[in-house]
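Following: one structure in structure tokens, then a few remarks.
Since every read-out is calculated from the coordinates, none of them should be taken as a lab result. Not measured: the values here are computed from a predicted model. Note: ideal-geometry Cβ built from the backbone for every residue, glycine included; neighbour counts use all protein chains shown.
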Amino acid sequence: MIEILSVTGPASVQDLGRFDQYRFGVGTSGAMDDVALRAGNILLGNDENAAGIEIPMLPFKLRFDRNMAFALTGADVEAEISGRVIPPWWRSRARTGDVLTIKAMPRGARLYLTVGGGIDVPMVLGSRSTQFRGEFGGWHGRPLQVGDILPCAASTATIGELGVEPAEITLARPNTAADETIVRVVIAGEYDGFDAATQALFWSSSWKITPQSNRYGYRLQGPAVKPKAPIEKRSHGIVPGVIQIPPNGQPIIQMRDAQTSGGYPKIATVIGADLWRVGQARLGSRLRFEQTAYTDALAAEAEMSAYLDRLRTNVRLVEETRICRSS
Amino acid sequence: MPIKLTDIARLAQILEKSGVDTIEIEEPGQSLKLVVDTGPRMAASAAPAAPAAPAAPAIDHSVIAKADVAGHFLAAHPWRDQPFVAQGQRIEAGTTVGLVKIGLLYAPIVAPAAGTVDAVIAETGATVGYGTPIVRIRPLS
């Protein structure tokens, strides 16, 4: 078990998401940075869909009530456990009573704490993710609070300290400036409802991520992007990544806790392989959109899968080497 | 279990690929030492390390933090400007003094004893192997 000693903002239990209930209007939820959650679980020898804790704000502090392995992935982190410094993208071991303190996140927006065996909350509608909107899943369907004691599944893996190259390094994009995230998008249904000058404005602008951005969606600020004529549509199915243009011309990117339907015109959609980059973009920082063809979106997906495949192979290899040496 | 010829061939391949020149395996009743001829590489990596090492004192009590896996040495985490340890720094046993990068992984190199960092011997990016000295530590008392 782990006990939350200090928490700020909506930290929550998340796995990869709830994917089978969309037709009933239940959104996916799930980790905003799914690559980081997978990497943590791979490091620990967990099922990659095991639930972890998504930490968006600091300070955060918790106590381990038994010996267990844990990993920190996602945002860069300054963390300490019983006086020991934990580097970013790292797995380590905690002893009973150890207190883990997250002191700073120098880059990125969300940190993932995974534990050996995973956070053992009940599956609800096929997932352990917290559904904020519906107030179910995760830990009692709500953000974590001080005093919460989360059950952890048993894990038999014996594990030493080990780090992983952060996905942001391995999957680095060219021409990325500090404090600006470039995400690849494919154009969406109502793109042609905007004239050429407005489309160009959408591509060339550096969009500021406003404080009204969270797991539901990111509200961006920049020049007004408005269609040639107002577009009135009935509510229709939308997915995380869809970029809508409401009447004020300020884009909204739908994220993991988005509704399953909406009526605003859609100008573009962030490709699946870059959604985690949006999830790690900080409030107040900037986003730029790069138009991508569908085939390139698939290639990006393959590149991400290759990173995870390599990670799985590397971890297995190092584990085997250690077992050989100690036997 | 006896070491099979196929195991030796596989180990030799791994050595060659990883750029490590020697491996020794000792088990009750048997020992194996494999040496790969990496002459030019040895000369290249030995040269820069030599000037960094000051003259050894008459009686050398220093302890050495060594790599325990083959890969490339990193003095700092890629997201950090500061190295894990610097000369003169006081450290505890178990302190991480650097990383070995193996593919996508970072294996920590830990201090075997508490003391003061005398010198970081290995250069960032250098190919290291099992037992390569990384940091010299002057132990307490």
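For this structure, a couple of remarks:
- Taking the helices alone, the protein assembly as shown has a mean residue ellipticity at 222 nm of -6000 deg cm²/dmol, built from -39,500 (n - 2.57) per DSSP H run of at least 4 residues and averaged over all its residues.
- Computed FRET value (nearest 0.05) for A:Y22 with A:V99, which takes r as the C-beta separation and R₀ as 41 Å: 0.55
- The value of relative contact order for the range A:38-128, using C-alpha pairs under 8 Å at least six residues apart, is 40 percent.
- Relative contact order of the range A:2-164, pairs being alpha-carbon contacts under 8 Å that are 6 or more residues apart, as %: 31
- The range A:162-193 and the range A:54-81 have Cα centres separated by 26 Å.
- Calculated over the range A:180-292: convex hull of Cα atoms, volume per residue (Å³): 86
- B:V135 long-range amide H proximity, modeled H, under 5 Å: B:A65, B:I121
- A:R215 sits among other residues whose Cβ lies under 10 Å from its own Cβ, and their net charge, with Lys and Arg +1 and Asp and Glu -1, is +1.
- Tensor-based shape of the range A:2-164 (alpha-carbon gyration tensor, a/c under 1.5 rounded, otherwise prolate or oblate): prolate
- Counting only Cα atoms, the size of chain A along its three principal axes is 69, 38, 33 Å, in decreasing order.
- Taking Cβ atoms as reference points and 10 Å as the exclusive limit, the residues near A:D274 contribute a net charge of +1, counting Lys and Arg as +1 and Asp and Glu as -1.
- Loop sites in the range A:49-147: GluC sites (Glu not before Pro), DSSP, at most 13 other Cβ within 10 Å: A:E135
- Remark: spin-label model distance B:L34-B:Q13 equals 1.0 nm, labels positioned 7 Å along the Cα→Cβ axis.
- Cα-based helix-to-principal-axis angle, A:294-326 vs chain A, degrees rounded to 10: 10
- In the range A:237-280, the ratio of gyration radius to Kirkwood radius, Rg to Rh, stands at 0.95 when only Cα atoms are counted.
- Cα-based Lys pair tally, chain A, threshold under 16 Å, eight or more apart or on separate chains: 4
- Over chain A, relative contact order from alpha-carbon pairs under 8 Å, at least 6 apart, %: 19
- Debye log10 I(q)/I(0) at q = 0.17, 0.18 Å⁻¹ for the range A:149-192, Cα point scatterers: -0.79, -0.81
- Partner aspartates and glutamates for B:K101 [C-alpha distance under 14 Å; skip if fewer than 8 residues away on the same chain]: A:E161, A:E165, B:D68, B:E123
- Using a simple spin-label model with pseudo-atoms 7 Å out from Cα toward Cβ, A:T210 and A:H236 lie 2.5 nm apart.
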